[in-house]
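Worksheet for the structure shown next.
The values are calculated or read from the model by the stated rules, or taken from the named source; none is laboratory data. Given the structure is predicted, the values throughout are model-derived calculations rather than measurements. Here Cβ is always computed from backbone atoms with ideal geometry, including for glycine, and neighbour counts include all displayed protein chains. These accessible areas exclude ligands, DNA and RNA; they are computed on the full protein's heavy atoms, side chains included. Shrake-Rupley method; radii C 1.70, N 1.55, O 1.52, S 1.80 Å.
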Amino acid sequence: MSLVPMSDILEKANKGGYAVGGFNMNNLEALQAIIEAAEEENSPVIVQASEGAIRYIDMEYAVAMAKAAGEKASVPVALHLDHGSNFEKTIQCIRNGFSSVMIDGSKLPFEENIDVTNKVIEAAHAVGVSVEAELGKIGGTEDDHTVEDKAATMTDPDEAVEFIEKTDVDALAIAIGTAHGVYKGDPELDFDRLKTINEKVDIPLVLHGASGVPNDDIAKAIELGINKINVNTAFQQAFTAKMREVLEDPDVYDPRKICGPARDAMKEKVIEKIRLFGSNDKA
Ligand SMILES: [Zn+2]
């Protein structure tokens, strides 16, 4: 089937009490690993590309690859822009065929975040594309953007209510103590905050920076209302660890013999996350 809007996938997850992975595609092998895993697990899946990934792959290549994957796949696939930094970037993605975009106005003052989110929603919803926004600042490093620990701020539940009242956003990324990239220590998630937010708002909530979060904490976050979980770092680590292993043999030179096993290793990791999130057999 063709690419589906992310809201189709997340509305079901919201009703069903499970989460769907927002899995980052950084190259062809990563996309293949995600799709193969989703098909084997009969899971809906959100393939996402950051602005950095789009620069690396090229916009036309990225969309063509994901569209082909969506058409061939036996499960629903959404193509989502991860952390769109401004209105222009989101529109470029919509114009090129993304079925969903994130507008990350979290670094802006509250009212400006609402304004830019509404601007994107007006254009996106007109053509059936869903929109994720972010409220509160998630720490760590995503592509070339770093939020220092002291600058990371948790999402205020009352602001979340106001944000959703003033926008028609399809999903909201919240900051409850996770961080992008590799964790320095163990993350401490603010579950009370998540519970409060989930009691006050009924749209799907998104957890970013989930790679280093213990499985028990992920399960608890889903129980308390998280419906989309972004994973990137854990997949990159699985991919690269396998490459290192294969490259220990100095006679290996065929890229397919290096990237192929790396792709398989990533696929195993994707399957693990799909089962943890509970989206298996939900396609
Ligand atoms: Zn993120």
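Here are a few things to note about the model shown:
- Local net charge near Asp217, Cβ-Cβ under 14 Å (Lys/Arg +1, Asp/Glu -1): -2
- The chain: antiparallel DSSP beta bridges as a percent of all, rounded to 5: 10 percent
- Rolling a 1.4 angstrom probe over segment 6-277 with all protein chains present gives an accessible area of which 48% lies on carbon and sulfur atoms.
- Averaging Cα coordinates gives a centre for segment 18-34 and one for segment 221-272; these two points are 10 Å apart.
- For Leu247 and Asn96, the FRET efficiency from 1/(1 + (r/R0)^6), where r spans their Cβ atoms and R0 equals 35 Å, is about 0.50.
- When the charge dipole of segment 49-175 is built from unit charges on Cβ atoms (+1 for Lys and Arg, -1 for Asp and Glu) and taken about the Cα centre, the candidate among Thr146, Ala64, Thr90 whose Cα reaches farthest toward its positive end is Ala64.
- Cα-based helix-to-principal-axis angle, 255-277 vs the chain, degrees rounded to 10: 40 degrees
- Nearest-10 value in Å² for the accessible area of Tyr61, using the 1.4 Å probe: 150 Å²
- Packing, as the average of other Cβ atoms within 10 Å across residues, places the peptides 154-160, 249-255 in the order 154-160, 249-255, highest first.
- Segment 1-83 - charge dipole about Cα centre, Lys and Arg +1 at Cβ, Asp and Glu -1, debye rounded to 20: 200 debye
- Dipole check for the chain: with +1 at the C-beta of Lys and Arg, -1 at the C-beta of Asp and Glu, and the Cα centre as origin, the magnitude is about 540 Debye.
- Karplus-derived 3J(HN,Hα), 6.51/-1.76/1.60, for each residue of segment 185-190, Hz, glycine and proline x: x, 6, x, 10, 8, 8
- About its Cα centre, segment 136-202 has a charge dipole of approximately 180 debye under the convention of +1 per Lys or Arg Cβ and -1 per Asp or Glu Cβ, with nothing else charged.
- Cα→Cβ-extended label distance, 7 Å offset, between Glu165 and Glu223, nm: 3.2 nm
- Nitroxide proxy distance, nm - points 7 Å out along Cα→Cβ at His125 and Asp264: 4.7 nm
- Whole-number percent relative contact order across the chain, with pairs defined as alpha carbons under 8 Å at least 6 apart: 23 percent
- Around Asn14: net Lys/Arg minus Asp/Glu count, Cβ-Cβ under 10 Å: +1
- The length gained by stretching the chain between Glu40 and Tyr183 to full extension, at 0.36 nm per residue less their Cα-Cα distance, is 48.5 nm.
- Additional length obtainable on full extension of the chain from Asp8 to Ser74, 0.36 nm per residue less Cα span: 22.2 nm
- Segment 6-277 - accessible surface per residue (Å², probe 1.4 Å): 45 Å²
- Using the Cβ-Cβ distance between Ala64 and Glu112 with R0 set to 41 Å, the FRET efficiency works out to roughly 0.75.
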